[in-house]
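Rule-based calculations on the coordinates, nothing more; no lab input. In this text, all values refer to a predicted model and were calculated from it rather than measured experimentally. Please note: Cβ atoms are built from the backbone with ideal geometry, for glycine as well, and neighbour counts cover all protein chains shown.
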Amino acid sequence: MRLAIAAPGRRFVLGLAGPPGAGKSTLAEAIVAHARTRMGADWAACFPMDGYHLSNAQLRRLGLEDRKGAPSTFDVDGYLAMLARLAGDPPAAAYVPEYDRRLHEPVAARILVPAAARLIVTEGNYLALDDPAWAPARRFIDALWYVDVPDPLRESRLVARQLKGGRDARAAREWVERSDRLNGELVKLSKANADRVITAAEL
């Protein structure tokens, strides 16, 4: 990606879509780190969709604890409102939430997007979906990439994530097979909507 793609005076929003465990967060962080090294610390920022997970309290209220990570377990309207704000003109500073995998909860205002940022990298499973709730995100995304890696690699990462989060081996595998796999199959249907596919060999 050419760092000069963000023209003076406006922001460029790069979206990274793909199934759970594909490496979207890692790629987003690498792109932002590279841009900051080349252009300055305030030139690029991450905006993760996962910060808009519903809280565990709301998931319990809705009876969706066992489907955490599915499209219906996110505050999509809140995400879209912030995405529109970040893509707006003139650029302004904003505090955005981040999902904490130790707390298993979203944490408000953890990430600062500086007013000077010209590259915003937003990443999340559902950015390429045709679902009417999620499709409006593409209005604010200048380029949308789909991160695609083999399912066995993704699922091994997802099991490791669940183990790190406190589940035992059986519970970790059961969660991946029941929830993450289902979400991943849905996300795969959106691959054709991306401008570019990033494969495991490119990561």
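I'd like to know if the stretch 149-171 contains one or more residues that are more than 16 Å from residue 66 (Cβ to Cβ) and touching a strand residue (DSSP E or B) at 6+ places or on another chain (Cβ under 9 Å).
yes
Return the residue satisfying two criteria in turn: it lies in the stretch 89-126 and is touching a Ser or Thr at 6+ places or on another chain (Cβ under 8 Å) and crowded, with 18+ Cβ neighbours inside 10 Å, and of such residues it is nearest to residue 69 (Cα to Cα). Even if it seems obvious, please write down each step before you answer.
In the first step, residues of the stretch 89-126 are kept if they are touching a Ser or Thr at 6+ places or on another chain (Cβ under 8 Å); the result is 105-106, 123, 126.
Retained after the next criterion (residues that are crowded, with 18+ Cβ neighbours inside 10 Å): 106, 123, 126.
Working: 106: 12, 123: 14, 126: 10 Å.
Out of the qualifying residues, it is 126.
What's the total number of residues in the stretch 133-173 that are of a type in the set (D, E, K, R), more than 15 Å from residue 194 (Cβ to Cβ) and surrounded by 20 or more Cβ atoms within 10 Å (Cβ to Cβ)? Spell out how you get there, then give the answer.
Filtering the stretch 133-173 down to residues of a type in the set (D, E, K, R) leaves 138-139, 142, 148, 151, 154-155, 157, 161, 164, 167-168, 170, 173.
Imposing the further condition that a residue be more than 15 Å from residue 194 (Cβ to Cβ) reduces the set to 139, 151, 154-155, 157, 161, 164, 167-168, 170, 173.
This time we only want the ones that are surrounded by 20 or more Cβ atoms within 10 Å (Cβ to Cβ), so: 154.
The qualifying residues number 1.
Residue by residue, here is whether (1) among the hydrophobic types (A, V, I, L, M, F, W, C); (2) within 15 Å of the chain's Cα centre (by Cα) holds:
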site	(1), (2)
130	no, no
133	yes, no
170	no, no
177	no, no
194	yes, yes
202	no, no
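Within the stretch 166-185, identify whether any single residue is in a loop (DSSP other than H, G, I, E, B), among the aliphatic types (A, V, I, L, M) and without any contact (Cβ under 8 Å) to a residue 60 or more places away in the chain, and answer yes or no. Before the answer, list the steps.
Just the residues of the stretch 166-185 that are in a loop (DSSP other than H, G, I, E, B), to begin with: 166-168.
Then drop every residue that is not among the aliphatic types (A, V, I, L, M), which leaves none.
Checked against the condition, which is being in a loop (DSSP other than H, G, I, E, B), among the aliphatic types (A, V, I, L, M) and without any contact (Cβ under 8 Å) to a residue 60 or more places away in the chain, the stretch 166-185 yields no hits at all.
Could you check the stretch 75-108 and list, in sequence order, the residues that are touching a strand residue (DSSP E or B) at 6+ places or on another chain (Cβ under 6 Å) and either on the phi > 0 side of the Ramachandran plot or among the aromatic types (Phe, Trp, Tyr) (or both)?
Residues satisfying the conditions are 95, 99.
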